[in-house]
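The structure under discussion appears below in the form of structure tokens.
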Amino acid sequence: MPTEPIRRAPRRFPLHWLGILPFAIFATLFLILPTMRIVLGAFQTPDGGFTLQNMLDLNTDSIRAAYWTSIKLSFYTAALGCAVGFAMAAAVVFGGLPKGVRSPLLTFSGVASNFAGVPLAFAFIATIGPVGLITVWLRTEFGINLRAYGFNLLSFWGLVITYLFFQIPLMILIITPALDGLKREWREAAAVLGATGVQYWRMVALPILFPSILGTFALLFANAFGAVATAFALTGPQLNIVPIKLFAQIRGDVLGNPNLGYALAFGMILITAGANLLYIWLRVRSERWLK
Amino acid sequence: MMRVVAWGVFLLGCLFFLLPLVGMTEFSLKMRRGVYSFDAYAAVFGDPAFWATFGYSLALAAATIVVGVVLVVPTAYWVRLRLPQARPFVEFITLLPLVIPAIVIVFGYIRMYNTSSFLPLTGSALGTDILLTMGYATLALPYMYRSVDTGLRTIDVGTLTEAAQSLGAGWVTILARIILPNVMVAVLSGAFLTLAIVLGEFTMAALLNRPAFGPYMQLLGANRAYEPPALAVIAFAITWGCMGLMQLATRFAKHERAKA
């Protein structure tokens with residue numbers, strides 16, 4: 001009796017799928033249909049006909065500039081996040097640091113990678129904003145006026161520095177297990193064959209790590225590209241990046257054309273989806289070696 | 001030499017992370033001229049809007065966790081037990097919220113559930129709350145699913161189900177009294193992460209015009225000087241608390257498994 005339902009299962013095949021019906025309904029209603037609505041809207045005229053005009057209309061100075069700034073912002077924060085995160089993870093894994101620093105660093109990274117959004121902006125305003133801790137300290141102790149050097153937190157580079165606070169920890173969290181996966185034997189084998197440390201890194205370790213690093217880069221890129229709250233709390237609605245522009249468009253149709261808003265959102269999906277697919281694909285590749 | 005470089009990199013990195021935390025803490029204490037005081041915190045805690053929005057977000061987080069658990073546990077269980085062929089499909093869906101930015105999802109909600117649609121959820125406050133809860137459940141889906149699925153991997157789902165069935169248990173009993181307690185640690189771990197996500201979330205709540213904690217923080221930031229860093233300190237403590245509880249749950253799980 002107890003095993004009977006399982007044995008009879010193949011004959012009742014369609015009923016099986018009812019088990020994931022609630023999940024399928026949820027996903028359809030709150031994930032797939034809303035997204036489809038945006039994607040379809042990007043290719044529709046206001047009265048519902050098919051058009052490519054919205055896509056062509058994206059090609060204005062202001063929207064092009066917004067995409068370009070967003071792409072640069074995501075690129076710089078992802079590249080710097082990867083570089084610094086890799087350096088810190090490598091320092092902890094290979095640098096001979098005491099074992100005690102590893103676990104706190106990973107715990108802190110877990111917290112910091114989730115400490116994004118509005119409070120993060122407050123923290124940076126209080127630190128390197130116009131009257132922030134470091135700004136005031138540099139001014140009173142050393143007579144250095146950051147503003148006079150052209151630094152402004154509420155600008156592109158200010159945003160880059162702020163985003164790094166969650167980008168670096170994310171890199172540390174993802175790359176540390178990959179660094180752990182580098183086997184001692186590979187290093188020893190390379191040494192036996194006469195390889196120097198640099199040769200080992202250039203010809204063995206980095207090629208193995210490369211998919212992980214590039215994949216994480218793509219993930220960080222998408223992460224920065226879709227972020228709204230930090231930028232909004234930092235600079236308000238002025239800064240011309242895609243998520244802020246879309247936010248303003250949803251609030252009050254600033255573009256004056258709802259379908260152009262859909263096209264703007266569709267462009268965002270294309271970029272984040274592309275970056276994420278790259279991440280997933282590279283992750284699968286990197287797991288071949290780092291099991 | 002190598003060790004010196006490693007220490008240098010590590011300490012510089014730590015400095016980058018510590019300075020903003022020191023900065024926000026110091027700034028939050030400076031409300032009273034000339035001396036450090038907790039005035040900013042008193043102002044924050046004395047603001048009824050703080051408690052109202054915080055309570056609202058907390059309630060929404062609870063609802064989100066319930067929806068997430070009711071949705072994810074049976075699905076992940078069923079996929080493991082009977083529908084392994086659906087795994088790639090379900091996993092793909094659970095990854096989608098990481099691929100599609102939250103702002104795009106909520107944009108779709110606003111257009112799909114407006115007052116002239118087949119399901120006019122944004123027409124009433126309760127309807128919008130439900131929509132926001134579903135939105136949060138969507139955002140938390142990747143984490144919740146992966147956590148529960150990993151938890152299910154450590155137990156023998158098939159044997160437990162057969163044993164329960166042979167004792168006369170129905171599906172609801174099996175899920176509520178056999179499967180759920182066995183993956184409780186994974187569920188808790190997902191729940192604390194969901195809590196951290198929901199409490200700080202800004203975009204969805206702001207665009208759906210609901211009085212949540214995220215938009216409240218943003219509004220305060222635009223109008224006040226000393227309260228925002230105090231809020232940041234509070235938010236950081238909350239995030240830290242959620243992650244701490246999550247780690248505690250995981251450590252508890254390892255302990256349990258070691259015993260088994």
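Once the Cα atoms are used to define both axes, helix B:102-112 deviates from the longest principal axis of chain B by about 70 degrees.
Going through the range B:18-96, which trypsin sites (Lys or Arg not before Pro) have at most 11 other Cβ atoms within 10 Å and a DSSP loop state? Intermediate values should be presented prior to the final figure.
Details: sites: B:K30, B:R32, B:R33, B:R80, B:R82; in loops: B:K30, B:R32, B:R33, B:R82.
Hits after loop and neighbour filter: B:R33.
Take every pair of alpha-carbon atoms less than 8 Å apart whose residues are at least six positions apart; their mean separation over the length of chain B yields a relative contact order of 28 percent. Projecting the Cα atoms of B:L152, A:I32, B:M24 onto the dipole axis of the protein assembly as shown, where Lys and Arg carry +1 and Asp and Glu carry -1 at the beta carbon, places B:L152 farthest toward the positive end. From the alpha carbon centroid of the range A:148-167 to that of the range B:171-229 is 28 Å. Please label the shape of chain B as rounded, prolate or oblate, based on the square roots a ≥ b ≥ c of the eigenvalues of the alpha-carbon gyration tensor (a/c under 1.5 means rounded; beyond that, a/b larger than b/c means prolate, else oblate). Oblate, since a/c reaches 1.5 and b/c is not below a/b. In a simple Cβ point-charge model (Lys, Arg +1; Asp, Glu -1; nothing else charged), the range A:138-291 has a dipole of about 180 debye relative to its Cα centre.
Which angle from 0 to 90°, rounded to the nearest 10, does the C-alpha axis of helix B:184-200 make with the longest principal axis of chain B? Helix B:184-200 sits roughly 30 degrees off the main axis of chain B.
For the pair B:F89 and B:F16, the difference between a 0.36 nm per residue extended length and the Cα-Cα distance amounts to 22.2 nm. Residues A:T162, A:T107, ranked from the fewest to the most other C-beta atoms within 10 Å, line up as A:T107, A:T162. Think of the range B:49-259 as having a plus end and a minus end, set by charges on the Cβ of Lys, Arg, Asp and Glu; of B:M243, B:S57, B:N223, B:M243 sits farthest toward the positive end of this dipole. Once you sort the root eigenvalues of the Cα gyration tensor of the range B:3-114 as a ≥ b ≥ c, which label holds: rounded (a/c under 1.5), prolate (a/b larger than b/c) or oblate (the other case)? Taking the square roots of the gyration eigenvalues as a ≥ b ≥ c, the range B:3-114 is oblate.
Model label points for A:D61 and A:W281, set 7 angstrom from Cα along the Cα-to-Cβ axis, are 3.7 nm apart.
Hydropathy at least 0.5 by Kyte-Doolittle, axial extent at least 30 angstrom from the Cα trace: which helices of chain A, defined as entire DSSP H runs, fit?
Values: long enough: A:61-94 (48 Å, 1.12); A:156-180 (35 Å, 1.74); A:258-287 (43 Å, 0.84).
Those that clear 30 Å and a mean of 0.5 are A:61-94, A:156-180, A:258-287.
Take each residue of peptide B:28-37, count the partner chain Cβ atoms within 10 Å of its Cβ, and average: the result is 1.
Here the relative contact order of the range B:37-168, from alpha carbon pairs under 8 Å that lie six or more residues apart, stands at 33 percent. Within the listed set A:A231, A:A148, A:A83, the Gaussian network model of chain A (springs between alpha-carbon atoms below 10 Å) gives the highest mean-square fluctuation for A:A148. Each of A:I144, A:I161 was scored by other Cβ atoms within 10 Å of its Cβ. Listed from fewest to most, they are A:I144, A:I161. Between the Cα long axis of helix B:227-259 and the first principal axis of chain B there is an angle of about 30°, rounded to the nearest 10. When only the Cβ of Lys, Arg, Asp and Glu is charged (+1, +1, -1, -1), the dipole of the range B:98-197 relative to its Cα centre reaches about 140 debye. The value of relative contact order for chain A, using C-alpha pairs under 8 Å at least six residues apart, is 29 percent. When the range A:187-291 is described by a simple charge dipole with +1 on each Lys and Arg Cβ and -1 on each Asp and Glu Cβ, the residue from A:G194, A:N257, A:P207 located farthest towards its positive end is A:G194. Basic side chains Lys and Arg get +1 at the Cβ, acidic Asp and Glu get -1 at the Cβ, and with that the dipole of the protein assembly as shown about its Cα centre reaches some 1200 debye. With a 10 Å cut-off between alpha carbons and a GNM built on chain A, which of A:Q199, A:Q249, A:Q238 moves the most? So, out of A:Q199, A:Q249, A:Q238, the one fluctuating most is A:Q199. Of the trypsin sites (Lys or Arg not before Pro) found in the range A:7-101, those in coil by DSSP whose Cβ has at most 10 other Cβ atoms within 10 Å are A:R8.
Read the figures in this text as sums done on the coordinates, not as results from a lab. Everything quoted here is computed from the prediction, not taken from an experiment. Backbone-built Cβ (ideal geometry, glycine too); neighbour counts: all protein chains shown.
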